Amino acid sequence: MFKKILHVLATCLLSACVTSPTGRSQLVFMPDAQINQMGLQAFDNLKKQKPISTSSKYNQLANCIAGAITQETGGNWEIVVFEDASPNAFALPGNKIGVHTGMLTLVDNQDQLAAVIGHEIGHVLARHSNERASQEFAVSQGMGIIQAVSAPQTALGQTALGMLGLGAQYGILMPYSRTHESEADMIGVDLMAKAGFDPRQSINLWQKMEQASQGRQPLEFMSTHPSHATRIQDLERHMPQAMGLFQQAQSQGKQPHCN
Ligand SMILES: [Zn+2]
């Protein structure tokens with residue numbers, strides 16, 4: 001154990017202590033190229049396994065919202081709508097976004113879906129997968145974890161998918177930490193506001209999620225993105241800044257009409 005801590009500290013001193021988009025210092029030492037490769041591999045597998053929605057209405061809506069938001073982040077992003085009634089959404093390193101049709105039917109408006117997508121993109125921009133890999137696995141398991149997503153049947157493969165936030169179908173839930181959730185919330189709300197979506201709808205969205213999660217079957221989305229008591233308060237406290245960005249976007253003519 002002591003050796004492990006020494007190893008982490010040594011790696012940290014060498015190169016790995018970086019700063020997240022919100023200014024939090026992170027221990028991140030896995031090569032981004034390989035973490036992205038993991039995301040791409042997992043996304044490819046999903047596209048082969050899961051039916052993709054052919055609804056032009058849903059595809060248009062999701063692409064319109066993701067397009068407006070990723071305009072603010074730069075980079076090439078791919079969004080795929082999966083035919084799946086469970087309300088879920090995810091984003092993977094390598095700039096891949098997946099949305100279930102069940103999420104599209106759950107939200108009340110484009111702004112709530114923008115809040116979901118912004119939050120997911122926030123996890124990717126803040127390199128949370130890399131941070132989790134660095135913290136939890138790299139030291140003990142070595143680079144084997146990277147290849148593990150190609151073998152989802154193995155224990156290591158399931159762990160790797162859990163780390164990407166995709167483990168639920170294998171019964172491996174690895175919820176994001178409260179720190180990661182808050183950070184994705186802040187990044188996501190600013191992003192949606194900059195793209196011209198009403199950031200106040202993020203609060204409605206999380207309230208709606210919590211309500212939906214109290215049904216007979218808890219939402220997969222909420223088990224990987226756990227809510228904490230101060231989430232709404234934190235969002236409310238952050239709202240003046242987000243509203244400023246929203247008003248600025250509107251005055252620049254950014255007024256998306258996705259539905
Ligand atoms: Zn989250």
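Where both bridge residues fall in the chain, DSSP classifies roughly 60% of the beta bridges as antiparallel. Apply the a/c threshold of 1.5 to the C-alpha gyration tensor of the stretch 164-227 and tell me whether it is rounded, prolate or oblate. In terms of gyration-tensor shape, oblate.
For the chain, averaging the sequence separation of C-alpha pairs within contact (under 8 Å, six or more residues apart) and dividing by the residue count gives a relative contact order of 20 percent. In plain terms, the C-alpha convex hull of the chain casts an average shadow of 13.9 nm² when viewed from every direction. The dipole here belongs to the chain: it is taken about the Cα centre, uses +1 on the Cβ of Lys and Arg and -1 on the Cβ of Asp and Glu, and is about 340 debye. Each Cα pair under 8 Å and six or more residues apart adds its sequence gap; the mean of these over the residue count of the stretch 192-251 is a relative contact order of 61 percent.
The residues of the chain present an accessible area of 46 Å² per residue when probed at 1.4 Å with all protein chains retained. Taking the accessible area of the stretch 92-132, probe 1.4 Å, and keeping the other protein chains in place, the carbon and sulfur fraction comes to 42%.
Return an integer: the convex hull volume of the alpha-carbon atoms of the stretch 72-122, in Å³ per residue.
Working: hull volume 3.5 nm³, N = 51.
Hull volume over Cα atoms, normalised by residue count, gives 69 Å³.
Sorted largest first by accessible area at a 1.4 angstrom probe radius, with every protein chain in place, the residues E78, E236, E120 fall in the order E236, E78, E120.
When the chain is described by a simple charge dipole with +1 on each Lys and Arg Cβ and -1 on each Asp and Glu Cβ, the residue from Q217, G122, Q49 located farthest towards its positive end is Q49.
Using the Kirkwood radius over C-alpha pairs as Rh, can you work out the diffusion coefficient of the stretch 150-259 via Stokes-Einstein at 10 °C, viscosity 1.306 mPa s, in µm² per second? Answer from the Stokes-Einstein relation: 102 µm²/s. Heavy-atom accessible area with a 1.4 Å probe sorts D198, D44, largest first, into D44, D198.
Where a ≥ b ≥ c are the square roots of the eigenvalues of the C-alpha gyration tensor, would you call the stretch 27-103 rounded, which needs a/c under 1.5, or, failing that, prolate if a/b is larger than b/c, or oblate? Write out the running numbers ahead of the final one.
Details: a/c = 2.37, a/b = 1.44, b/c = 1.65.
Here the stretch 27-103 falls in the oblate category.
Element breakdown for the stretch 17-67 at a 1.4 angstrom probe: carbon and sulfur atoms account for 51% of the accessible area.
The values are calculated or read from the model by the stated rules, or taken from the named source; none is laboratory data. Keep in mind that what you see is a predicted model, and the values were worked out from it rather than measured. With ideal geometry, Cβ positions are generated from the backbone for all residues, glycine too; neighbour counts draw on all protein chains shown. Each accessible area value is taken on the protein alone, full model and side chains, heavy atoms only, with ligands, DNA and RNA left out. Shrake-Rupley method; radii C 1.70, N 1.55, O 1.52, S 1.80 Å.
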